[in-house]
Amino acid sequence: MNNSVGTTARLIGAGLRALLVLTVICGVIYPLAVTGISQVLFNDKANGSESKDKSGQVVGSSLIGQTYNLPKKDPNDAEEAVKPDLKWFQPRPSNGLGSNSVNTQYSLILSGATNRSADNGAVNGKCTDQAEEGTLCAQVIAAKASVVADNSTAGHQVKPEDVPADAVTSSGSGLDPDISPEYAKIQIHRIAEQNKLDVKQVEKLVADHTTGRTLGFMGEPRVNVLELNTALKALTKS
């Protein structure tokens, strides 16, 4: 009896000691070591890839897309159409985003895709004006018309065939922070006109913020919209 109790006590003691040691190693030492290494070697990435303006203020993350829209006349009107603020470079559409309806204590944006197929709403295999409202084809056609109208100026007409795919479709997450150089270039004349800048200035701004393929062959050339608009804000206030 005594031997059995003593053995059980020793086993419990060994288990508690192992629990304490593993808790200290895995719950304290390891997280602190990983955090320390990441802060030293990858400080920017470890802190969320924060993007800062000229004054050093954090304006967002370079990994998460933002919208640049005009404020609503009535913030509580869910039916009021959101209009883009044409003074800024516009990002990709974010049709896949939704709002948090489970725990309404928090105002959250849920990322996601529309999950519509490429031929959703197509007529005889083509997206036409007869596409049913609410389908992907109808959204793409409407988005293309808006891109052409918004970015055409008195001295520069955007052609529908020049509108790239990323200007009219959202990414899988709806949070893509980048646009293609082609979409950025379409917006140059409008940005110049809205901000009273020379077209050459805006062209240089886009060129300076265009990133090529990773290692020269991975991915596609891209322009980070947040960083581009941050530079635009600094240019218009200089």
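If the requirement is being exposed (fewer than 12 other Cβ atoms within 10 Å of the Cβ), hydroxyl-bearing (Ser, Thr, Tyr) and either in a loop (DSSP other than H, G, I, E, B) or in contact with a helix residue (DSSP H, G or I) (Cβ under 7 Å, 6 or more places away or on another chain) (or both), which of these qualifies: Ser51, Ser55? I'd like the intermediate steps shown before the answer.
Values: Ser51 fails: exposed (fewer than 12 other Cβ atoms within 10 Å of the Cβ).
Going through Ser51, Ser55 in turn, just one is exposed (fewer than 12 other Cβ atoms within 10 Å of the Cβ), hydroxyl-bearing (Ser, Thr, Tyr) and either in a loop (DSSP other than H, G, I, E, B) or in contact with a helix residue (DSSP H, G or I) (Cβ under 7 Å, 6 or more places away or on another chain) (or both): Ser55.
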Among the residues of the range 192-201, count how many are in a helix (DSSP H, G or I), in contact (Cβ under 8 Å) with a residue 24 or more places away in the chain, farther than 13 Å from Gly155 by Cα and not polar (S, T, N, Q).
0
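Is it fair to say Lys126 is modelled with pLDDT of 85 or more, at negative phi and charged (D, E, K, R)? Break it down stepwise before answering.
Numbers: modelled with pLDDT of 85 or more: no; at negative phi: yes; charged (D, E, K, R): yes.
Judged against the criteria, Lys126 is not a match.
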Enumerate the pairs (first residue in the range 122-148 and assigned by TED's automatic domain parsing to the domain that holds Val158 and of a type in the set (Val, Ile, Thr); second residue anywhere and assigned to a helix (DSSP H, G or I) and surrounded by 12 or more Cβ atoms within 10 Å (Cβ to Cβ)) with beta-carbon separation below 6 Å, excluding pairs fewer than 6 apart on the same chain, so at least 6 apart or on different chains.
Val147/Ala167
Keeping to the range 202-228, report how many residues are in contact with a Pro (Cβ under 9 Å, 6 or more places away or on another chain), within 18 Å of Leu86 (Cα to Cα) and either touching a residue at least 40 places away in the same chain (Cβ under 8 Å) or assigned to a strand (DSSP E or B) (or both).
5
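Within the range 175-191, take every residue that is modelled with pLDDT of 95 or more and part of a loop (DSSP other than H, G, I, E, B) and give me the one that is nearest to Lys159 (Cα to Cα). So that I can check it myself, show each step before the final result.
In the first step, residues of the range 175-191 are kept if they are modelled with pLDDT of 95 or more; the result is 178-191.
So of that shortlist, the ones also part of a loop (DSSP other than H, G, I, E, B) come out as 180, 187.
Numbers: Ser180: 17, Gln187: 12 Å.
Restricting to residues being modelled with pLDDT of 95 or more and part of a loop (DSSP other than H, G, I, E, B), the top hit is Gln187.
The values are calculated or read from the model by the stated rules, or taken from the named source; none is laboratory data. Since the structure is predicted, the reported quantities are computational estimates derived from the model, not experimental observations. Note that each Cβ is placed from the backbone with ideal geometry, even for glycine, and that neighbours are counted across all protein chains shown.
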